[in-house]
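Colleague: Sharing a structure here in structure tokens format.
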Amino acid sequence: MKVSHKWLQDYFDKKLPDPKTIAHELTFKAFEIEELTEKGDDWIFDVKVLPNRAHDSLSHRGLAKEISAIFDLPLSDDPLRRPLSELPASQALSIAIDNPDLCERYVGALVKGVTVGPSPDWLKTRLEALGQRSINNIVDATNYVMYDIGQPLHAFDARRLVAKSSEYVIQVRSAVKNEVFTALSGAEYALTEDTLVIGDGHSGHTLGIAGVKGGTAAEITSQTSDIIIESAHFNPVSIRKTAQRLKLWTDASQRFQNDPSPELAAYAMRQVIDLILKIAGGTLEGAADSYPKKQEVYAIPLSAARVNALLGTSMIQSDIEAILKRFGFAYEPDAESGLIVSIPFERLDLRIEEDLIEEIGRIYGYNKIPAEMPPALAVKPAINKSFAYTSAVRDALVAQGFSEIFTSSFRPTGSIEIENPLTDDKRFLRENLSESMKDALASNVRNADLLGLDQIKLFEISATFAEEGETLSLVLGVANANGFKKIKEADSLDEGFRAVGTALGIELTLDEPAPDNLFELNLNSILEDLPDPRGYYFAPYPSDQRYAPISAYPFLIRDIAVFIPDEDSTSDLERLLRGAGSELLVRMTLFDTFTKTFPDGTKKTSFAYRLIFQAHDRTLTDEEATAIMEKITAALNAQSGWQVR
Amino acid sequence: MEPQQGHLHPLSIMIRDIVAIFGELGFAFAEGPELESGYYNFDALNFPKDHPARDMQDTFFIKGRTDVMRTHTSPVQVRYMESHKPPIRIIAPGKVFRNEATDATHEAQFYQIEGLAVDEHMTLAHLKTTLEFFFKKLFKKDDISIRFRSSFFPFVEPGVEVDMTCFKCSGGGCGTCKGTGWIEIMGAGMVHPNVLKAAGVDPDRYQGFAFGGGIDRLAMLKYGIEDVRLLYSGDLRLVNQF
């Protein structure tokens, strides 16, 4: 929500701190300021008001109250504390509410003889600062009061309603099934009976979607002379559902769905009538207020002991009273709790002592909270059986050369369907881990050379989902790359499987070779029968990992073999390879060794390496790879007694 | 040729570290289902029905049921409180699900770490010190501190956002912390009495603090992993670096 620094300043006699200071303090003590931008001679705050305060703080008055409490600057004039005199009862307007549970209050006022025209400059400037278009003085006035004190308002052209016996009737009712409504924007909406609308009680025409958007039927135009102003309270759930259903979210619906106080409607009506009379002329004929159940008044106990018990501070009652004064909360001493605090009507979020303690804490400053270690418990923490055993399984598999993967719980098939999946191929919860394992084996095999592996060995431990419930499962998979034949996949899988058994303290063997060389296991049923572990015994694991981003570009493979005399070592060889290969050489893997005695009696060993080249910012060309190989070959051949094959 | 070395997934490494660190403070590892009831995911945590507070978390709903894929590990707190009497010290690392468009910093599934401590005497001061202890140990830096900013979550009151000193620049400002010297890292607060009550804990006798944050985020920060989606791609080019 955007608010203007100049508009906020209107609330104070004293000059406000600079916008950056205000933004900083608000972010810590009230609401996050997502952006602060300079706009002409004004500054605009983009304020993130969370759901707990959206009922009272989506307005300049709400922000001004926060600033007042944070900086201890009283408001010069609070629109919600001005005495509210009753408006004269209208003889020409009545309200009929069909669904009182969906509309707790409706105040309607008839103002006759206004002159619709452009707004005065100050009003245009105010609205444009928030990025809002000026439309005409009537509509602008209603928007101004909404942005000022948070109550959405609407104005209808009265003459577009039918008067019977000189009386208009505003009816709050359900829409007729499938009726088409044309909004002020020109867009058309098909309404359902779930939609609350404002209608002409005599003609039956629909004038607006209650709390969301007005319609063209009674639009304010330059011809308008008499207006009916609406200031109401609508059921927040109904408004939220309607906005979602029609995909029509407005400043009005945003405020109504957060349930502002119905008391606010009267203040807003008074304020907008005063403003309209001032800038558009006219006379107030009267108002009708349907408000059967008045909002309750709340008072909450507050004790210093409880404040300190929750915050960990050492405040005394006078510290607390000083903060209550900043908020303008009236309070009285109380024998039992210390204080009883009167809650102002607009703060619907303050209902229990903890709510007040938060107000005290955030203004006091969370930075003042001292350091204190929580009391130690007498007993050692319980061991999580599942975590203990799965950790042992992980360690055993890692020792066997298996690497752990995590994959998506969502798959294109399964028995439990997601109502609102992200994509079609993630429509179901996975019933097994094997399908993801198959995919992972295949994609890692493609990168085998880059990884420097002949055999891909993977495992995953995760939940699988079926109608009967959620199961913890383990899957192992093995795949050979590049026609590797030295070690059979089935043998590696079997080794892994046995290692899992050892870790669990049971015997696990594969009775027959596993299809696709992967095997899945239900861990829940196994864990049930295992004894409770006495601790976590994590195998030591290196903790100095450094991660280098993975290149998105393809890699190139080159092989090289070189005879080196016995006195020289592979570490010399590797050092030379790295040097000549540069950072483009991302991996070298020794894949063959043999020793040969030459005719002259010398013994040399041939080492064959697979070299992988890859760049981080481009696709390497064959020419580039060839050039590097030439460099490498030259470097190796330069060594005395070395011979590249 | 050396025998092939296997690798743990970086999130598993991180979870072990977290379990060990909190184990020193007496916190036990608690678990709960990933496919959760709407009751445990929202109602028991003080989210009013049909309220904008539920929009704060994009939920995957299960077709034909009122169940959801849990959007946070907070339901584990409620389940644990229902079955254990205070004093309570638990952490609940686990997989959670959010229906958000995926990109380098957002995935539909990720891991969260939730913590709960309930006792006759438990304050925000205890929460602050507990978190400072945790981050110092996790990032292996003694000069890490945390700060609270006023915020809102339905299951805590007061509710706060937690920032930690940037471990890369120790608060001086750098690329990791976008020059601010601080990293937004968790949400936390004092457990709302409605949540205690719903779980069968007497709020007049007991208080608790709770905190929650993303483990993926911690791993990405600590190891410099640039794209969260890599953690779930089953790709050894990532895993075998750890």
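The values are calculated or read from the model by the stated rules, or taken from the named source; none is laboratory data. Please read all numbers here as calculations on a predicted model, not as lab measurements. Positions of Cβ are generated from backbone atoms using ideal geometry, with glycine treated the same way; all protein chains shown enter the neighbour counts. Accessible surface is based on the protein model in full, side chains and every heavy atom, while ligands, DNA and RNA are left aside. Shrake-Rupley method; radii C 1.70, N 1.55, O 1.52, S 1.80 Å.
Colleague: Of (1) assigned to a helix (DSSP H, G or I); (2) away from chain B (no Cβ under 14 Å); (3) open to solvent by 10 Å² or more (accessible area, probe 1.4 Å); (4) farther than 22 Å from residue A:105 by Cα, residue A:299 satisfies all except one. Which?
Modeller: (1)
Colleague: Look through the range A:305-341, keep the residues that are small (Gly, Ala, Ser) and more than 14 Å from every other protein chain (Cβ to nearest Cβ), and return whichever of them is least open to solvent (accessible area, probe 1.4 Å). First the steps, then the outcome.
Modeller: We begin by selecting, within the range A:305-341, every residue small (Gly, Ala, Ser); these are A:305, A:309, A:312, A:314, A:318, A:322, A:328, A:330, A:335, A:337-338.
Retained after the next criterion (residues that are more than 14 Å from every other protein chain (Cβ to nearest Cβ)): A:318, A:322, A:328, A:330, A:335, A:338.
Values: A:318: 68, A:322: 52, A:328: 52, A:330: 59, A:335: 112, A:338: 17 Å².
Top of the filtered list is A:338.
Colleague: Provide a single number: the residues in the range A:163-197 that are open to solvent by less than 40 Å² (accessible area, probe 1.4 Å) and in contact with a Ser or Thr (Cβ under 6 Å, 6 or more places away or on another chain).
Modeller: 6
Colleague: Same structure, new question: Could you check the range A:405-428 and list, in sequence order, the residues that are assigned to a strand (DSSP E or B), in contact with a strand residue (DSSP E or B) (Cβ under 6 Å, 6 or more places away or on another chain) and within 7 Å of another protein chain (Cβ to nearest Cβ)? Give the derivation first.
Modeller: Going residue by residue through the range A:405-428, those that are assigned to a strand (DSSP E or B) are A:410-411, A:416-418, A:428.
Going one step further and asking which of them are in contact with a strand residue (DSSP E or B) (Cβ under 6 Å, 6 or more places away or on another chain), we end up with A:411, A:416-417, A:428.
Correct list: A:416, A:417.
Colleague: Cβ-Cβ under 8 Å, sequence separation 6+ or interchain: first residue in the range A:176-196 and among the β-branched types (Val, Ile, Thr), partner open to solvent by 80 Å² or more (accessible area, probe 1.4 Å). Which pairs?
Modeller: Close Cβ pairs satisfying both conditions: A:176/A:193; A:180/A:188; A:182/A:188; A:192/A:177; A:192/A:178; A:192/A:245; A:195/A:245.
Colleague: Does the range A:598-628 hold any residues that are part of a loop (DSSP other than H, G, I, E, B), over 17 Å from residue A:450 (Cα atoms) and charged (D, E, K, R), and which are they?
Modeller: A:600
Colleague: Within the group A:93, A:63, A:130, which residue is buried (at least 17 other Cβ atoms within 10 Å of the Cβ) and farther than 24 Å from residue A:251 by Cα?
Modeller: On the way: A:63 fails: farther than 24 Å from residue A:251 by Cα; A:130 fails: farther than 24 Å from residue A:251 by Cα.
On inspection, the qualifying residue turns out to be A:93.
Colleague: Looking only at the range A:520-573, count how many residues are touching a Lys or Arg at 6+ places or on another chain (Cβ under 8 Å), closer than 30 Å to residue A:509 by Cα, more than 10 Å from every other protein chain (Cβ to nearest Cβ) and open to solvent by 50 Å² or more (accessible area, probe 1.4 Å).
Modeller: Within the range A:520-573, residues that are touching a Lys or Arg at 6+ places or on another chain (Cβ under 8 Å), closer than 30 Å to residue A:509 by Cα, more than 10 Å from every other protein chain (Cβ to nearest Cβ) and open to solvent by 50 Å² or more (accessible area, probe 1.4 Å) number 1.
Colleague: While we're here: What are the residues in the range B:39-82 that are within 12 Å of chain A (Cβ to nearest Cβ), in a helix (DSSP H, G or I) and at pLDDT 95 or above, if any?
Modeller: If the condition is that a residue be within 12 Å of chain A (Cβ to nearest Cβ), in a helix (DSSP H, G or I) and at pLDDT 95 or above, then B:76, B:80 are the ones that fit.
Colleague: Here are A:102, A:36, A:50, A:58: which of them is under 20 Å from residue A:348 (Cβ atoms), within 35 Å of the chain's Cα centre (by Cα) and free of Cβ contacts under 8 Å to residues at least 24 places away in the same chain? Give the steps one after another, and end with the answer.
Modeller: Numbers: A:102 fails: free of Cβ contacts under 8 Å to residues at least 24 places away in the same chain; A:36 fails: under 20 Å from residue A:348 (Cβ atoms); A:58 fails: free of Cβ contacts under 8 Å to residues at least 24 places away in the same chain.
After ruling out the rest, the residue left standing is A:50.
Colleague: Still on this model: Examine the range B:99-106 for a residue that is open to solvent by less than 30 Å² (accessible area, probe 1.4 Å) and of a type in the set (A, V, I, L, M), and state whether such a residue exists.
Modeller: Filtering the range B:99-106 down to residues open to solvent by less than 30 Å² (accessible area, probe 1.4 Å) leaves none.
Scanning the range B:99-106, I find no residue that is open to solvent by less than 30 Å² (accessible area, probe 1.4 Å) and of a type in the set (A, V, I, L, M), so the answer is no.
Colleague: What pairs come out if I take residues in the range B:15-41 that are of a type in the set (D, E, K, R) and pair them with residues that are part of a loop (DSSP other than H, G, I, E, B) and open to solvent by less than 20 Å² (accessible area, probe 1.4 Å) whose C-beta lies under 7 Å away, six or more apart or interchain?
Modeller: B:31/A:384; B:34/B:70; B:36/B:70
Colleague: Can you run down the residue pairs with Cβ atoms below 9 Å, 6 or more apart or on separate chains, where the first is in the range A:329-342 and farther than 16 Å from residue A:363 by Cβ and the partner is charged (D, E, K, R)?
Modeller: A:337/A:306; A:337/A:353; A:338/A:306; A:340/A:332; A:340/A:334; A:342/A:332
Colleague: So residue A:286 clears everything in (1) closer than 22 Å to residue A:145 by Cβ; (2) buried (at least 19 other Cβ atoms within 10 Å of the Cβ) except one condition, right? Which one?
Modeller: Among (1) closer than 22 Å to residue A:145 by Cβ; (2) buried (at least 19 other Cβ atoms within 10 Å of the Cβ), residue A:286 violates only (2).
Colleague: Okay, next question. Out of all the residues in the range B:190-205, which are more than 11 Å from every other protein chain (Cβ to nearest Cβ), in a loop (DSSP other than H, G, I, E, B) and open to solvent by 20 Å² or more (accessible area, probe 1.4 Å)?
Modeller: B:200, B:202, B:205
Colleague: For the range A:105-127, how many residues are under 19 Å from residue A:252 (Cα atoms) and free of Cβ contacts under 8 Å to residues at least 60 places away in the same chain?
Modeller: Matching residues across the range A:105-127 total 1.
Colleague: Then there's this: Mind checking which pairs have a first residue in the range A:452-467 that is more than 9 Å from chain B (Cβ to nearest Cβ) and a second that is open to solvent by less than 10 Å² (accessible area, probe 1.4 Å) and among the basic types (Lys, Arg), Cβ under 9 Å, 6 or more apart or different chains?
Modeller: Here the result reads A:464/A:430, each pair linking the range A:452-467 to a residue that is open to solvent by less than 10 Å² (accessible area, probe 1.4 Å) and among the basic types (Lys, Arg).
Colleague: Looking at the range A:345-366, can you tell me whether even one residue there is at the interface with chain B (Cβ under 9 Å from one of its Cβ atoms), of a type in the set (Gly, Ala, Ser), closer than 30 Å to residue A:532 by Cβ and open to solvent by less than 60 Å² (accessible area, probe 1.4 Å)?
Modeller: Looking for residues that are at the interface with chain B (Cβ under 9 Å from one of its Cβ atoms), of a type in the set (Gly, Ala, Ser), closer than 30 Å to residue A:532 by Cβ and open to solvent by less than 60 Å² (accessible area, probe 1.4 Å), one finds none in the range A:345-366, hence no.
Colleague: Here is a further query. Among the candidates A:492, A:443, A:473, A:462, which residue alone is open to solvent by 10 Å² or more (accessible area, probe 1.4 Å) and either part of a loop (DSSP other than H, G, I, E, B) or more than 21 Å from residue B:64 (Cα to Cα) (or both)?
Modeller: Numbers: A:492 fails: open to solvent by 10 Å² or more (accessible area, probe 1.4 Å); A:473 fails: open to solvent by 10 Å² or more (accessible area, probe 1.4 Å); A:462 fails: open to solvent by 10 Å² or more (accessible area, probe 1.4 Å).
None of the other options fit; the residue is A:443.
Colleague: Does residue A:114 fit the bill of being touching a strand residue (DSSP E or B) at 6+ places or on another chain (Cβ under 8 Å), part of a loop (DSSP other than H, G, I, E, B) and open to solvent by less than 40 Å² (accessible area, probe 1.4 Å)?
Modeller: Values: touching a strand residue (DSSP E or B) at 6+ places or on another chain (Cβ under 8 Å): yes; part of a loop (DSSP other than H, G, I, E, B): yes; open to solvent by less than 40 Å² (accessible area, probe 1.4 Å): yes.
So residue A:114 passes the test.
Colleague: For the range B:215-229, enumerate the residues that are among the small types (Gly, Ala, Ser) and surrounded by fewer than 22 Cβ atoms within 10 Å (Cβ to Cβ).
Modeller: Here is the first cut: in the range B:215-229, the ones among the small types (Gly, Ala, Ser) are B:219, B:224.
Hit for the range B:215-229 is B:224, nothing else.
Colleague: May I pose another question? If I ask for residues that are buried (at least 20 other Cβ atoms within 10 Å of the Cβ) and in a strand (DSSP E or B), which ones from the range B:151-182 would you list?
Modeller: The first filter runs over the range B:151-182 and keeps only residues buried (at least 20 other Cβ atoms within 10 Å of the Cβ), leaving B:151-167, B:177.
B:151, B:156, B:157, B:158, B:159, B:160, B:161, B:162, B:163, B:164, B:165 - these are the residues of the range B:151-182 that are buried (at least 20 other Cβ atoms within 10 Å of the Cβ) and in a strand (DSSP E or B).
Colleague: Name every residue in the range B:3-18 that is facing chain A (nearest Cβ under 7 Å) and either open to solvent by less than 10 Å² (accessible area, probe 1.4 Å) or in a helix (DSSP H, G or I) (or both), in order of residue number. Quick ask: steps written out before the conclusion?
Modeller: We begin by selecting, within the range B:3-18, every residue facing chain A (nearest Cβ under 7 Å); these are B:3-9, B:11-13, B:16.
Within the range B:3-18, B:6, B:8, B:9, B:11, B:12, B:13, B:16 meet the criteria.
Colleague: Sticking with this structure for a sec: If you check A:15, A:29, A:6, A:48, which single one turns out to be touching a strand residue (DSSP E or B) at 6+ places or on another chain (Cβ under 7 Å), more than 14 Å from chain B (Cβ to nearest Cβ) and open to solvent by 10 Å² or more (accessible area, probe 1.4 Å)?
Modeller: Numbers: A:15 fails: touching a strand residue (DSSP E or B) at 6+ places or on another chain (Cβ under 7 Å); A:29 fails: more than 14 Å from chain B (Cβ to nearest Cβ); A:48 fails: more than 14 Å from chain B (Cβ to nearest Cβ).
Of the residues listed, the single one that is touching a strand residue (DSSP E or B) at 6+ places or on another chain (Cβ under 7 Å), more than 14 Å from chain B (Cβ to nearest Cβ) and open to solvent by 10 Å² or more (accessible area, probe 1.4 Å) is A:6.
Colleague: While we're looking at this one, here's another question. Just to verify a result, which residue in the range A:69-90, among those that are of a type in the set (A, V, I, L, M, F, W, C), part of a loop (DSSP other than H, G, I, E, B) and out of contact with any Gly (no Cβ under 9 Å at 6 or more places or on another chain), is most open to solvent (accessible area, probe 1.4 Å)?
Modeller: The first filter runs over the range A:69-90 and keeps only residues of a type in the set (A, V, I, L, M, F, W, C), leaving A:69-71, A:73, A:75, A:80, A:84, A:87, A:89.
Pick out the ones that are also part of a loop (DSSP other than H, G, I, E, B) and you get A:73, A:75, A:80, A:84, A:87.
Remaining after also requiring out of contact with any Gly (no Cβ under 9 Å at 6 or more places or on another chain): A:73, A:80, A:84.
Working: A:73: 19, A:80: 6, A:84: 76 Å².
Among them, the one singled out is A:84.
Colleague: Mind listing whichever residues of the range B:20-38 are at the interface with chain A (Cβ under 7 Å from one of its Cβ atoms) and outside any strand (DSSP E or B)? Give the derivation first.
Modeller: Just the residues of the range B:20-38 that are at the interface with chain A (Cβ under 7 Å from one of its Cβ atoms), to begin with: B:23, B:26-29, B:31, B:33-35.
Within the range B:20-38, B:23, B:26, B:27, B:31, B:33, B:34 meet the criteria.
Colleague: Which residue, of A:235, A:258, is touching an Asp or Glu at 6+ places or on another chain (Cβ under 7 Å) and within 14 Å of chain B (Cβ to nearest Cβ)? Break it down stepwise before answering.
Modeller: On the way: A:258 fails: touching an Asp or Glu at 6+ places or on another chain (Cβ under 7 Å).
Result of the check over A:235, A:258: A:235.
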